[in-house]
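Here is the structure we will look at, set down as structure tokens.
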Amino acid sequence: MPKDGGIGASSKRREDLRFLTGRGKYTDDINLQNQTHAYFVRSDVAHGTINSIDTSAAEAMPGVLRVFTAKDFEAVGGIPCGWQITDRHGEVMQEPKHPVLAEGKVRHVGDPIAVVVAETQAQARDAGEALDIDITELPAVIDMRDALKDGATKVHDDLTSNLCYDWGFVEENRDAVDEAIKGAHHVTTLELTNNRLVANPMEPRVAVGDYDFSTDEHTLYTTSQNPHVIRLLMGAFVLGIPEHKLRVVAPDVGGGFGTKIFHYAEEAFCTFAAKEIGRPVKWTSSRSEAFMSDAHGRDHVTKIELALDKDGNFLALRTDTLANMGAYLSTFAPSVPTWLHGTLMAGNYKTPLIYVNVKAVFTNTVPVDAYRGAGRPEATFQLERVVDKAAREMGIDPVELRRKNFITEFPYATPVAVEYDTGDYHATMDKLLEMSDHAGFDTRAAESKKNGKLRGFGISHYIEACGIAPSNLVGQLGARAGLYESATVRVNATGSISVMTGSHSHGQGHETSFAQVVADMIGIDESQIDIVHGDTAKTPMGMGTYGSRSIAVGGSAMVKATEKIINKAKKIAAHLLEASDADIELKDGAFSVAGTDKSVAWGDVTLAAYVPHNYPLEDIEPGLEETAFYDPANFTYPSGGYGCEVEVDPETGKVTVLGFYAADDFGNIVNPMIVEGQVHGGLAQGIGQALLENCAYDAEGQILSGSYMDYAMPRADDLPMFNVDHSCITPCTHNPLGVKGCGEAGAIGSPPALVNAVIDALQRGGHDVTHIDMPLSPDRVWAAMNG
Amino acid sequence: MYNFEINRPSTIADAVKALASDEAQALGGGQTLIPTLKQRLASPETLVSLTGIDEMKGICVDDDGRLCVGGATIHADVAADGRYPALSAMASHIGDPAVRNRGTIGGSIANNDPAACYPAAVLASNATVVTNTREIDADDYFQGMFTTALEEGEIVTEVKFPVPEVANYQKFVQPASRFALVGVFVAKFSDGVRVAVTGASEDGVFRWTDAEAALSDNFSADALEGLSVSADGMMSDLHGSAAYRAHLVKVMTGRAVTPAA
Ligand SMILES: Cc1cc2nc3c(=O)[nH]c(=O)nc-3n(C[C@H](O)[C@H](O)[C@H](O)COP(=O)(O)OP(=O)(O)OC[C@H]3O[C@@H](n4cnc5c(N)ncnc54)[C@H](O)[C@@H]3O)c2cc1C
């Protein structure tokens, strides 16, 4: 039975009223009195020495207030990296300085060199063009394989090479894995590229810095997924501003997808310059600028080998990856190809031996960091592709090969350090086959053949680790932050509630689903609850939203705080009802004494807390406000079976996605409609990666797809009607809601399903094609067929 | 965008006068020019808007049965017209509704983007491009990518399309821009078939004369068997190699002859 409120109800997204009627308040909507405008002059070469910057002509231009270059930032720190990897030899990674503005050298197209602050945006830009910057272009390293060659040009002169780290996991298994592969009945090998992507949130990045001389307080308004993280990183490591003098506000944010997690130079610049200039400083990214300054995603080159016995049991898995870091280390870049990737290489399978090697490489490209899924899509893609290839090579049905190797007993400790608490992979596989009418595929394929088309069906069965993350564990793994979440539940005198959360909503609908949880626990109407987020002055220190962590970690903090509220309220109710608090029950917003008809309403109890005339003041404090911090005991492990049905036009190579099916196990579901929307968005991005999107560089380091003329975003008519299901539920065992998280699954599970489907179609059509690198654009598919 | 003056004449004569200055440039629907200005890749002092000139707008049929499209007519109007169905169908697939309700035929063929659709229609239809000073045959008008017979300050006021017996345009879209990766317009007249190809060649729109000869003899896709287009001189980029484009020319030509129902 669908519910009409609380946990499990498809409550309409309350935030959509303002978004859909143009009343959202985004950072670019913030215009402060007396505001000035910053224009970033960026490198148009990938690598070069800055010989001189002559600012005099620019400074003399109308409206110009000041021109900033690296020398203005000499007293300021570089942009910090939030994760330190220790390599297979016990050495810490090479960590180059990442200055706010380029110092002496530019290292990628888009690297900021100077900033003009002027009265208007146009004046700032005019003056930016008048800057006289003399750069000697140097050879650029773009391809990771070239970057690792002896004698390769170095991206950073002060590092020993372009290798950031050489990570091995689990290092102790290395030899055993090699042995197992050597002796195996069958080894399937696959070399592949996980294509570089640009996140492209609908709202470009914006920063507005403000400084109040009377209080010595700085405020930064920014397009961030985690304002507290920005406050900590920027305040402590870059600008030296203590938290009580620095407020970071991230109001409505129009999509993040990971790229708005990181601390960027533009944020530090606007905060810094506002004090220097004595006026607010605003910067709004153009779309072209976003292509060369927002952190990119993915960009792995991988060789994976899967060893099987004669019956198709997986014996060992070995994978070697080159992971592109770009020119500098973005905030969480080092963690993505390592801990967010290597730990997922077991997938849904009981492979006993696994070894993952990752070499992170500096190149003269835009920094690469987390993008929807972050490491887990890269793990899933190679694994689900190699399993499919193995099935074909061994003549085993790909569904059967997966089933044969599925983990069936939980908890399950993988050989790559994580322990899955729950899951039922056969259930999601069954669901997928049913939803997609797998049994009827051959009939449909025959129909396609009649029309001269090749039809194919592809499967992937993914695992991901969400609910990031147990702080003590990630601390051991190199994180320079804790990954708990916080919530303050402030009950007002008349019973309405404001929940201040450290999570941040930038499209996820937290204002709706979080309110559902609290409403459900207390038994009052959702409309009585407001979710407050995105302002360090209002919310307790929290780590923000990414890694599908908000309901699992932020939601758990909120549950804990609400439990504290309920406990206290029960004491107040017991006093009012002259009963023992052990006998008080809370149901539908009323407290009653068990076994009697004596009860008192929620609003009477909350009023008593703030008007404590009749109140046990000797036992409890007045007021009703509680804060909780929740640190998860483990990751959560959503999983699911994804299926994709395609048709390939053999004459042109064009792939049409006819159907996409997602059977997910997200644990318990708070709002099914929002979950469905999250999966739709993830699928669109995953299909986008597999079919369309490609951030390509030429050999000189120019971005070949630096605008929508060449960077193909998925559009509605590229996508089929999605068929999604989340009725297979194995609740998470270690968080109070039993939830797992759903934000990234679509982007993680879909690319291999699509590629597997195209390979299936081509092989059914008699083409001996075993792999095509994403995106599967028509020319690539045609070239593979005509190979 | 840099600052510029805007001039809104209401007659062709006034527009020609306004364009006489070196630093003036015609503005049609702005769907190509405005993005160029926003990127600061051009800096005309004055833009002379042609969209307020009534005598350059609208569609009619002349005494020779030609469909005459005013130079400032928007794609949406051509799409809705229907008297030359293949032309209307082509116009209905240019860009998105915003582009179709702004962009003009004059702007499109003056710009002569090597991946634009209109040039293929004009060339295949053997249309006549009318300007404020002369009439130019399609075969003489297109002179390589982004290059036309237009002189400085010359305005496309009208395009006259002979309406073929049968015609079809097949556009294989570039996945990002959705311009033509390869577009082929086939037009069959009583005296022969014309085949114009856009999107493919480094020299811009061109006629595939081998296919024209074969199809003039036998207007069926079978007639193309044995023909091929050389990859030499075809464009090659992120979205398709020269060989792929050459291959698509033939595939799209065949589909234009036998369009799917
Ligand atoms: C998102 C998008 C998608 C598009 N997709 C397609 C597509 O699929 N196929 C396609 O063919 N096109 C496409 N276009 C281009 C579109 O058709 C433009 O309308 C066209 O290229 C230019 O026409 P315009 O009237 O906008 O000209 P403008 O941009 O105003 O001008 C273009 C050039 O022509 C000159 N000019 C304008 N009018 C005249 C005239 N009457 N006489 C002489 N010179 C003139 C201008 O000075 C300028 O140099 C797309 C454009 C966009 C923005």
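Please verify whether B:Gly29 is among the small types (Gly, Ala, Ser), within 8 Å of the ligand (Cβ to nearest atom), surrounded by 13 or more Cβ atoms within 10 Å (Cβ to Cβ) and outside the structural domain of B:Asn112 (by TED's automatic domain parsing), treating the condition exactly as stated.
Details: among the small types (Gly, Ala, Ser): yes; within 8 Å of the ligand (Cβ to nearest atom): yes; surrounded by 13 or more Cβ atoms within 10 Å (Cβ to Cβ): yes; outside the structural domain of B:Asn112 (by TED's automatic domain parsing): yes.
In short, yes.
Take region A:29-79 and flag every residue that is under 30 Å from A:Leu138 (Cα atoms) and small (Gly, Ala, Ser). Steps first, please.
Restricting attention to region A:29-79, the residues satisfying the condition of being under 30 Å from A:Leu138 (Cα atoms) are A:38-59, A:66-79.
Correct list: A:Ala38, A:Ser43, A:Ala46, A:Gly48, A:Ser52, A:Ser56, A:Ala57, A:Ala58, A:Ala70, A:Ala75, A:Gly77, A:Gly78.
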**OP:** Using the structure shown, decide if B:Pro85 is out of contact with any Pro (no Cβ under 9 Å at 6 or more places or on another chain), touching a residue at least 24 places away in the same chain (Cβ under 8 Å), away from the ligand (no atom under 15 Å from the Cβ) and not assigned by TED's automatic domain parsing to the domain that holds B:Asp237.
**Re:** yes
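Would you mind stating whether A:Glu243 is surrounded by fewer than 22 Cβ atoms within 10 Å (Cβ to Cβ) and within 14 Å of chain B (Cβ to nearest Cβ)?
When the stated conditions are applied, A:Glu243 does not pass them.
Residues of region A:555-601 being among the basic types (Lys, Arg) and part of a helix (DSSP H, G or I), which ones? Lay out the reasoning, then the answer.
Restricting attention to region A:555-601, the residues satisfying the condition of being among the basic types (Lys, Arg) are A:560, A:564, A:568, A:570-571, A:587, A:598.
A:Lys560, A:Lys564, A:Lys568, A:Lys570, A:Lys571 - these are the residues of region A:555-601 that are among the basic types (Lys, Arg) and part of a helix (DSSP H, G or I).
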**OP:** Look at B:Leu248 and say whether it is under 20 Å from the mean Cα position of the chain (by Cα), at the interface with chain A (Cβ under 9 Å from one of its Cβ atoms) and within 24 Å of A:Arg780 (Cα to Cα).
**Re:** yes
Subject >> Count - residues of region A:680-724 that are surrounded by 17 or more Cβ atoms within 10 Å (Cβ to Cβ), in contact with a helix residue (DSSP H, G or I) (Cβ under 9 Å, 6 or more places away or on another chain) and either part of a strand (DSSP E or B) or among the acidic types (Asp, Glu) (or both) >> reply: 5
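Grab the strands (runs of 3 or more DSSP E) fully contained in region B:157-231, keeping just those with 1 or more residues being away from the ligand (no atom under 16 Å from the Cβ) and on the phi > 0 side of the Ramachandran plot. Explain how you work it out, then say what you get.
Values: elements: B:166-173, B:180-189, B:192-198.
It comes to B:192-198.
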Original post:
List pairs: first in region B:185-200 and within 22 Å of B:Gln143 (Cβ to Cβ), second aromatic (Phe, Trp, Tyr) and assigned to a strand (DSSP E or B), Cβ under 7 Å, 6+ apart or cross-chain?
Top reply: B:Phe185/B:Tyr169; B:Ala196/B:Phe185; B:Val197/B:Phe206
Original post:
For B:Leu41, which of the numbered conditions (1) at pLDDT 95 or above; (2) more than 9 Å from the ligand (Cβ to nearest atom); (3) hydrophobic (A, V, I, L, M, F, W, C) fails to hold?
Top reply: (1)
Subject >> Residue under evaluation B:Ala116, criteria (1) away from chain A (no Cβ under 14 Å); (2) under 14 Å from the mean Cα position of the chain (by Cα); (3) buried (at least 18 other Cβ atoms within 10 Å of the Cβ), criterion not met >> reply: (1)
Subject >> Residue that is farthest from A:Asp530 (Cα to Cα), among those in region A:464-489 that are hydroxyl-bearing (Ser, Thr, Tyr) and over 17 Å from the mean Cα position of the chain (by Cα) >> reply: A:Ser471
Subject >> Filter result (within 14 Å of another protein chain (Cβ to nearest Cβ), surrounded by fewer than 24 Cβ atoms within 10 Å (Cβ to Cβ) and aliphatic (A, V, I, L, M)) within region B:162-197 >> reply: B:Val173, B:Ala176
Original post:
Just to be sure, is A:Glu400 part of a helix (DSSP H, G or I), acidic (Asp, Glu) and in contact with a strand residue (DSSP E or B) (Cβ under 8 Å, 6 or more places away or on another chain)?
Top reply: no
Subject >> Enumeration of residues in region A:407-428 that are surrounded by fewer than 17 Cβ atoms within 10 Å (Cβ to Cβ) and either of a type in the set (Lys, Arg) or assigned to a strand (DSSP E or B) (or both) >> reply: A:Ala413, A:Glu419
Subject >> Selection within region A:701-724 - away from chain B (no Cβ under 12 Å) and touching a Gly at 6+ places or on another chain (Cβ under 7 Å) >> reply: A:Pro720, A:Asn723
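Please state which one of A:Phe514, A:Phe591 is under 27 Å from the mean Cα position of the chain (by Cα), among the aromatic types (Phe, Trp, Tyr), modelled with pLDDT of 95 or more and outside the structural domain of A:Ser224 (by TED's automatic domain parsing). First the steps, then the outcome.
Values: A:Phe591 fails: under 27 Å from the mean Cα position of the chain (by Cα).
Every option except A:Phe514 fails the conditions.
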Original post:
If you check A:Ala446, A:Ala487, which single one turns out to be of a type in the set (A, V, I, L, M) and free of Cβ contacts under 8 Å to residues at least 12 places away in the same chain?
Top reply: A:Ala446
Original post:
Do we find a residue being under 24 Å from the mean Cα position of the chain (by Cα), of a type in the set (Gly, Ala, Ser) and either closer than 19 Å to A:Thr656 by Cα or assigned by TED's automatic domain parsing to the domain that holds A:Thr351 (or both) anywhere in region A:442-457?
Top reply: no
Subject >> Some residue of region A:265-272 being part of a loop (DSSP other than H, G, I, E, B) and surrounded by 24 or more Cβ atoms within 10 Å (Cβ to Cβ) >> reply: no
Subject >> Filtered residues of region B:10-26 (kept if within 12 Å of the ligand (Cβ to nearest atom) and either among the charged types (D, E, K, R) or touching a helix residue (DSSP H, G or I) at 6+ places or on another chain (Cβ under 8 Å) (or both)) >> reply: B:Ile12, B:Ala24, B:Gln25, B:Ala26
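Conditions (1) more than 8 Å from the ligand (Cβ to nearest atom); (2) hydrophobic (A, V, I, L, M, F, W, C); (3) within 14 Å of chain A (Cβ to nearest Cβ); (4) surrounded by fewer than 22 Cβ atoms within 10 Å (Cβ to Cβ), marked per residue:
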position: B:Glu45; (1), (2), (3), (4): yes, no, no, yes
position: B:Cys60; (1), (2), (3), (4): yes, yes, no, yes
position: B:Asp63; (1), (2), (3), (4): yes, no, no, yes
position: B:Thr73; (1), (2), (3), (4): yes, no, no, no
position: B:Asp77; (1), (2), (3), (4): yes, no, no, yes
position: B:Asp81; (1), (2), (3), (4): yes, no, no, yes
position: B:Ile94; (1), (2), (3), (4): no, yes, no, no
position: B:Pro97; (1), (2), (3), (4): yes, no, yes, yes
position: B:Thr104; (1), (2), (3), (4): no, no, no, no
Subject >> Single residue of A:Gln702, A:Gln689 found to be assigned by TED's automatic domain parsing to the domain that holds A:Gly375 and more than 30 Å from A:Thr153 (Cα to Cα) >> reply: A:Gln689
Original post:
Residue check: is B:Val130 more than 10 Å from the ligand (Cβ to nearest atom), away from every other protein chain (no Cβ under 14 Å) and among the β-branched types (Val, Ile, Thr)?
Top reply: yes
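Answer yes or no as to whether A:Asp72 is in contact (Cβ under 8 Å) with a residue 24 or more places away in the chain, closer than 19 Å to A:Ala207 by Cβ and assigned by TED's automatic domain parsing to the domain that holds A:Asp134.
On the way: in contact (Cβ under 8 Å) with a residue 24 or more places away in the chain: yes; closer than 19 Å to A:Ala207 by Cβ: yes; assigned by TED's automatic domain parsing to the domain that holds A:Asp134: yes.
In short, yes.
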Original post:
Do any residues in region B:28-40 that are of a type outside the set (Lys, Arg) have Cβ atoms under 6 Å from those of residues that are near the ligand (Cβ under 9 Å from one of its atoms) and part of a loop (DSSP other than H, G, I, E, B), where the two are at least six apart or on different chains, and which pairs are they?
Top reply: B:Gly28/B:Leu50; B:Gly29/B:Arg102; B:Gly29/B:Gly103; B:Gln31/B:Arg102; B:Gln31/B:Gly103; B:Thr36/B:Ala42
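The values are calculated or read from the model by the stated rules, or taken from the named source; none is laboratory data. Computed from a predicted model, the values in this text were never measured in an experiment. Positions of Cβ are generated from backbone atoms using ideal geometry, with glycine treated the same way; all protein chains shown enter the neighbour counts.
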